[in-house]
Structures are given as structure tokens and as C-alpha cells.
Amino acid sequence: MSDRDDRAPSDRPEVISLSFPARADLVVLARFTAATLGARAGFDVEEIEDLRLAVDELVVSFEAVQAGGTVQLECTQAGGEVTITCHVEPGGPPLASRDVGGEELWGADGELSKQLLDALVDQHGREHTERGPSVWLKKRRANVTR
Amino acid sequence: MVVVEGEVDLAVAPALRDGLEALLAEGHATLYVDLLGATFLDSTALGVLVTTREHCANAGGELHLIVREPRILKVLQITGLATAFPLHDSLDAIAGNTSGDESTTP
């Protein structure tokens, strides 16, 4: 048995790359991954819950301007900070499928999503990269200063 | 009354919307959403509640939320909606006031 505690926060960068079809019922995978990384970064329960909701909003808000495809998340934690970048490879059915309600749902909540992200994370934004548009967030553990 | 349990996200929001719209279509102007069993609420679900609240108001009624979970109350507070809905922390608080069929989502 090793003395090493795998749950202890680590200063070594840890990266999780996650790829899943842009389907509403799979957004839970993003929440699960974010929660796991938040725990690895030493977040407390409230910070982990904030991160779970924030990554949900990140994916959902990004999908509002996308036409489906494959969601690709790059999640990094180092030194008590979690960074998550979301990119969507085009193609396939949209996340907001006909059964989900499509534009009617999206139209109602874009501003709500932004309000939540503003409150839950330290920084978030959108940018255009060579892979296309992406959205990202950064959240630091409460007792970490930069 | 619509009873919502578990994580209410993009995947569940349509069922919530359908349940509430069905009650409105039956002529109920005032609706109750029981969120006591809900553990997570994102902006898509919140959007459904906001839209339904407007429909209720247009029909001369209100949309009441029964909620006690701190995480969900926090979402309502962040978005400035904690005062937009009549909130109750238990079913006892609304006993005798509910109308319409009861459905559970998801």
C-alpha cells in the first residue's frame, strides 16, 4: 500500500480531455469531470458545486450558438486553479434537439447563464481559435491568491 | 402541482416545461412546482420557470416554488429571481392551495 494520498491537492498540472456527442443527456459527463477535477484541486464542497453548475452553463451556453457535433472539454487543474475550455467539433444533431425544445429554451436563458457564470467562477470568456470558437472558465480555490 | 426530483438540467427541462404547459392548458392559472427533491437546477430549467411564470401572470395567476435546497436558492439569488416567485419551504405552507393534477419530473 502506498502512503501517497491520491485525493491530496497537487501542484502538478493535471489534464483531463473529454469528448462526447453534443446530447443533452450527456452534459452530466462534463459536470462529473469538473467535480472530480475540483476535488483534486482541493476545492471545498461549495466550490465543487459551483464548478459543476458553471461547467454546465459553459457547455449549455456555448451550444446555443452551435449546431451540434461533438463537445470537447479540456480540463486542467494546477495549484488550486481549475481551467476548463469547451470546443465543439461541428456535425451531428444539435444538443438542443427537437425533443429538448430548441430555440424556445435557449432564448429564455442566455442572460441567466451569463449571470450564473459571472457569479460562480473567477473568469470566463469566449474566444476564436484556429479550431473555431471556444468558451472557457477559470476557478480558483478560495484560499489561493494570484 | 409538478414535482421535480434530481438534477434539473437541459435534459429534463423539456419535461418540466411540458408538465407545466399541460396544467396551463387545462385552465390552471396558478401553479406549484415542488423542488424539494431537486438537487441541481441550471439556467435552462430556470428559463422554463421564468417563461411559465409569465404565462401564469398573463392568465391572472402565479407560479409558486416549494424549495429548501440551498444550492437551488443560491441559483435563484444569483439570478435575481428569489423575489420573482412566491417561495415556500414546505408543502405544509401551501396546504389546501394547490390545484390541478400532480405530475413528477423526470
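The numbers here are math on the coordinates, done by the rules we state, and not lab data. Keep in mind that what you see is a predicted model, and the values were worked out from it rather than measured. FYI the Cβ positions are ideal-geometry reconstructions off the backbone, even for glycines, and counts take in every protein chain you see.
Quickly estimate the mean residue ellipticity at 222 nm for chain B, helices only: each DSSP H run with n ≥ 4 gives -39500 (n - 2.57), and the total goes over all residues, rounded to 500.
It comes out at -11500 deg cm²/dmol, rounded to the nearest 500.
Please compute the Kirkwood hydrodynamic radius over segment B:1-54, one decimal place, Å, based on all pairs of different Cα atoms. Provide the component values of the computation, followed by the final result.
Details: mean 1/r = 0.0904 Å⁻¹.
It is 11.1 Å.
Tell me the label-point distance for the pair residue A:29, residue B:22, using the 7 Å Cα-to-Cβ offset, in nm and rounded to one decimal.
Here the answer is 3.1 nm between the modelled labels.
Classify chain B: rounded, prolate or oblate, from the alpha-carbon gyration tensor (a ≥ b ≥ c, eigenvalue square roots; a/c under 1.5 rounded; otherwise prolate if a/b is larger than b/c)? Don't skip to the answer; put the middle values down first.
Details: a/c = 1.33, a/b = 1.23, b/c = 1.08.
Rounded.
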